[in-house]
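Scroll down for the structure; my scribbles are underneath it.
Each reported figure results from applying straightforward, stated rules to the coordinates on display, with no laboratory input. Just so it is clear, the structure is predicted and the values come from calculations on it, not from any experiment. Don't worry about glycine lacking a Cβ; one is built from the backbone with ideal geometry, like all the others, and counts go over all protein chains shown.
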Amino acid sequence: MTRTATALQAPVSSVMSWPVAMVDLTATMGDVAEALASNEIGSALVMAGEKFVGIVTERDLVTHLANSANPDHLLAEEMVTHTPVSVSPHDTVLVAARAMVEAGVRHLPVLDGDEAVGMVSIRDVTAVLLREVDEALG
């Protein structure tokens, strides 16, 4: 097995981010945008108290703004994707990459059962591949 193939078989838990940005269902679009900007990220987990309910992304924000949404009045609960494509911390980086491509998304919540334990992004997957290519090329 090649080194890249080995890296792609690494568990998602080895490349996911945690802690991640989280917003409450009652957060305004402005609050969500602030959370994304201050953390320099493209998605946040949406929570109802301690319970994971979905994800909101920069794409969601742009779509709603393009439709003239008021950032002070639109809430996360109106933008959230409730059953997003997700992976478990035990899934491989390859599984995550395929899930992103097939779903046309750049961020996947990492769920252990019903509990959100992290986020994996296309940036995380690309970093794995680039490290391996750099090592292979010397």
Residue ranges of DSSP H helices in the chain that stretch 20 Å or more (Cα, own long axis) and have mean Kyte-Doolittle hydropathy of at least -1.0 are 122-137
Skipping prolines and chain starts, which residues have an amide H placed within reach, meaning under 5 Å, of the one on residue 55, given they are 5 or more residues away or on another chain?
46, 81
Using the Cα centre of the chain as the reference point, and only Cβ charges (+1 on K/R, -1 on D/E), how large is the resulting charge dipole? Debye, rounded to the nearest 20.
500
Fewest-first ranking of 132, 102, using other Cβ atoms within 10 Å as the exposure measure:
102, 132
Cβ-based exposure ranking for 41, 55, in which fewest neighbours within 10 Å come first:
41, 55
Computed over region 33-89: relative contact order in percent, which uses C-alpha pairs under 8 Å that are six or more apart
30
Pick from 44, 116, 27 the residue whose mean-square fluctuation is largest in a GNM of the chain, springs joining Cα atoms under 10 Å.
27
Counting alpha carbon pairs within less than 8 Å and at least 6 residues apart, what relative contact order, in whole percent, applies to the chain?
31
With +1 on each Lys and Arg Cβ and -1 on each Asp and Glu Cβ, how big is the dipole of region 1-77 about its Cα centre, in debye rounded to the nearest 20?
460
Projecting the Cα atoms of 25, 108, 133 onto the charge dipole of the chain, where Lys and Arg contribute +1 and Asp and Glu -1 at Cβ, the residue farthest towards the positive end is 133
